[in-house]
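Peer 1: One structure, as structure tokens, below. Some questions next.
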Ligand SMILES: C[S@@+](CC[C@H](N)C(=O)[O-])C[C@H]1O[C@@H](n2cnc3c(N)ncnc32)[C@H](O)[C@@H]1O
């Protein structure tokens, strides 16, 4: 057990919804405080994963994501923490030493340019130096960009502007050490969510937090990675959910509620009609421009009855 929290601020991060997720854990798990097999194939910032690691004994864990730079960063913290800390401290003092915001801004765009030069790397062939430098850049950009969000455009370029922070914590050594401990013996994979199927054995706990289905057709939150997650992917995920349920896994899935915008939109109610759908209230930061801000609902779908 440790005291880790997400090392990146991630779009769609679930910190705010943690109480709703926790209250939906299967009773057998809350009673025993043990999880035999945990799987999270849309890991993002990993809020729920780190919470569970801090509070439950997890025997086997598998996490994955389609975002290559994110997976690289998890792996670097897992395997090359000390080198990463050295690199981050260098970036921290470089940023701190810039005389004013204008100079800090110049440094930010220099590092963003460097980062965007190296989009086409192969994750299975990276050198130690590359992993450490790039992961440090990921953390640096996340800590110094506008709103601390990670976002890439269609070409895969990091395109968030400068955040104008005077004294951001770029190297949070204490937390990175906790994250390193939380990641010991965790399988960290890169790719589509369906790759997790081979790890999904009976009684696994699986949390699925896919990219949100945009509230409006025109709502244009740019994707986390180059690939978009459209309605066809949502349908593919629902089929996957049914398959895992048949295997005897315990499943929690969260998503945006299309009824926020259109009461008669039954997209998820139809896709998951065989399962338990509940709605929880949430403030949505990413779609803050959308009307109804503050009174938005999210869906939580389990394949077991709550309190069972
Ligand atoms: C809503 S976010 C997850 C947020 C996470 N629960 C947290 O607390 O930060 C969705 C994640 O799915 C990833 N993703 C998008 N398409 C994917 C796919 N086909 N397979 C696996 N991951 C995917 C994105 O890179 C993003 O990290």
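Throughout, read-outs are computed from the coordinates displayed, never taken from laboratory work. All values reported here derive from a predicted model rather than from experimental measurement. For neighbour counting, all protein chains shown are included, and Cβ atoms are generated from backbone atoms with ideal geometry for every residue, glycine included.
Peer 1: If I model a spin label as a point 7 Å beyond the Cα along the Cα-Cβ vector, how far apart are those points for residue 118 and residue 5 in nm?
Peer 2: 2.9
Peer 1: Restricting attention to the alpha-carbon atoms of the chain, what are Rg (one decimal) and Dmax (integer), both in Å?
Peer 2: Looking at the chain, its Cα Rg and Dmax stand at 19.5, 60 Å.
Peer 1: Sorted by mean Cβ packing within 10 Å, highest first, what order do the peptides 48-58, 122-132, 270-280, 249-259 take?
Peer 2: The peptides rank, most packed first, as 249-259, 48-58, 270-280, 122-132.
Peer 1: While we're looking at this one, here's another question. On a C-alpha basis, how far is the centre of region 36-56 from the centre of region 101-147 in Å? Whole number, if you could?
Peer 2: 26
Peer 1: Roughly how tilted is helix 68-79, in degrees to the nearest 10 and between 0 and 90, from the longest Cα axis of the chain?
Peer 2: 80
Peer 1: Return the FRET efficiency for the residue pair residue 231, residue 153: r is the Cβ-Cβ distance, R0 is 22 Å, and the value is rounded to the nearest 0.05.
Peer 2: So, using R0 = 22 Å, E works out to roughly 0.55.
Peer 1: Between residue 94 and residue 59, how many nm apart are label points set 7 Å from Cα along the C-beta direction?
Peer 2: 4.6
Peer 1: Take every DSSP beta bridge whose two residues both sit in the chain, then give the antiparallel share in percent to the nearest 5.
Peer 2: Antiparallel bridges make up about 45 percent of those DSSP assigns within the chain.
Peer 1: Which number comes out as Rg/Rh for region 70-175 once both Rg and the Kirkwood Rh are worked out on C-alpha atoms?
Peer 2: My calculation puts Rg/Rh at 0.95.
Peer 1: Would you list 229, 297 from fewest to most Cβ contacts within 10 Å?
Peer 2: 297, 229
Peer 1: Right, something else. Roughly what angle does helix 128-144 make with the longest principal axis of the chain, taking Cα atoms, 0 to 90 degrees, to the nearest 10?
Peer 2: Orientation of helix 128-144: about 80 degrees from the principal axis.
Peer 1: Starting from the 7 Å offset along Cα-to-Cβ, what nm value, one decimal, do you get for the label separation of residue 105 and residue 164?
Peer 2: Here the modelled spin labels are 0.9 nm apart.
Peer 1: Among 1, 300, what is the fewest-to-most ranking by other Cβ atoms within 10 Å?
Peer 2: Exposure proxy ranking, most exposed first: 1, 300.
Peer 1: On a 0 to 90° scale, report how tilted helix 173-182 is relative to the longest principal axis of the chain, with both axes built from alpha carbons and the result rounded to the nearest 10.
Peer 2: It works out to around 40 degrees.
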